[in-house]
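To start, the structure under review is shown below, and the notes come after it.
Bear in mind these aren't lab numbers, they're just calculated from the coordinates by the rules spelled out. Since the model is a prediction, treat every value here as computed from it, not as a measurement. Using ideal geometry, Cβ is built from the backbone for each residue, glycine included, and neighbour counts are taken over all protein chains shown.
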Amino acid sequence: MEKEVIKSSIKTPDGTVLTSYYRHDFKIHKDKKTGKEYGIDGGTDYQRYIGDIDDCEIILIYSDDSFQNIRDNFTWGTFGINGDEKKSYLKLSEMSNNHIKAILNTQNHISYTTKNIFQQELEYRKDNYIFIKD
């Protein structure tokens, strides 16, 4: 199986990290250090960078990276347990066990890679006696 991008970000010279979470999720930032504008688009579907990206650190997390790197960087968008909160992004390592199980049971549209990451996380927690409550 070919490796896939599972997170796409850039870090600008002033330390701002821009992350594009999904296709057409365009983010732009005017850097306080250089005065230049930098941008990112495409989420994990494609990577498009705007501005003088030689000034930036490109941060790509792949499906074949170490699992610890995936745990610390893979994020999932959520509107909260009741679906009534502002959208936020949680790191895999911070999600509750029940949240991960609910995603696996209800989100049939997720890719094989994403499903596998969630399953690996539950197995990792089982092997390391980790349980995160809601």
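Relative to the longest principal axis of the C-alpha atoms of the chain, give the angle of the C-alpha long axis of helix 97-106, reported between 0 and 90° and rounded to the nearest 10°. It works out to around 90 degrees.
Dipole magnitude of the chain about its Cα centre, charges +1 at Lys/Arg Cβ and -1 at Asp/Glu Cβ only, in debye to the nearest 20?
340
Spin-label model, T78 to D14: label points 7 Å out along the Cα-to-beta-carbon direction sit 3.1 nm apart.
Extension gain, Y21-H109: 0.36 nm per intervening residue step, less the Cα-Cα distance, totals 30.1 nm.
Among the chymotrypsin sites (Phe, Trp or Tyr not before Pro) in the range 54-134, those located in a DSSP loop and surrounded by at most 14 other Cβ atoms within 10 Å of their own Cβ are F79, Y129, F131.
Length gained on full extension, K91 to D52: 11.2 nm, using 0.36 nm per residue less the C-alpha separation.
Straight-distance candidates among the aspartates and glutamates for linking to K101, with alpha-carbon spacing under 19 Å and chain neighbours fewer than 8 residues away dropped: D72, E121, E123, D127, D134. Summarised in one figure, the compactness ratio Rg/Rh of the chain, Cα atoms and Kirkwood Rh, is 1.01. Charge tally for R23 (other residues, Cβ to Cβ under 12 Å; Lys, Arg +1; Asp, Glu -1): -2. For the range 18-61, the set of trypsin sites (Lys or Arg not before Pro) satisfying both a DSSP loop assignment and a count of at most 12 other C-beta atoms within 10 Å is given as R23, K32, K33.
Less than 5 angstrom separates the built amide H of D45 from those of R23, all sequence-distant by 5 or more or on a different chain.
Near F79, within a Cβ-to-Cβ distance under 13 Å, what is the net charge of the other residues, with Lys and Arg +1 and Asp and Glu -1? Once all neighbours under 13 Å are counted, the net charge is 0. Relative contact order for the range 67-127: 27 percent, from Cα pairs under 8 Å spaced at least 6 residues apart, divided by residue count.
Using the Cβ atoms and a cut-off under 12 Å, what net charge is assigned to the surroundings of E4, where Lys and Arg are +1 and Asp and Glu are -1?
For residues surrounding E4, the net value is -2.
Modelled this way, with points 7 Å down the Cα-to-C-beta line, the labels at D65 and I28 are 2.7 nm from one another. Kirkwood radius and radius of gyration were both taken over the C-alpha atoms of the range 5-62, and their ratio Rg/Rh is 0.95. What the Cα atoms of the range 67-127 give is an Rg and a Dmax of 11.3, 34 Å.
In this structure, the pairs whose alpha-carbon distance is over 31 Å, taken from K3/K33; K27/K126; K3/K36; K7/K30; K32/K115, are K3/K33; K27/K126; K3/K36; K32/K115.
With a cap of 10 neighbouring Cβ atoms within 10 Å, and only residues DSSP puts in a loop, list the GluC sites (Glu not before Pro) found in the range 1-46. The qualifying sites are E2.
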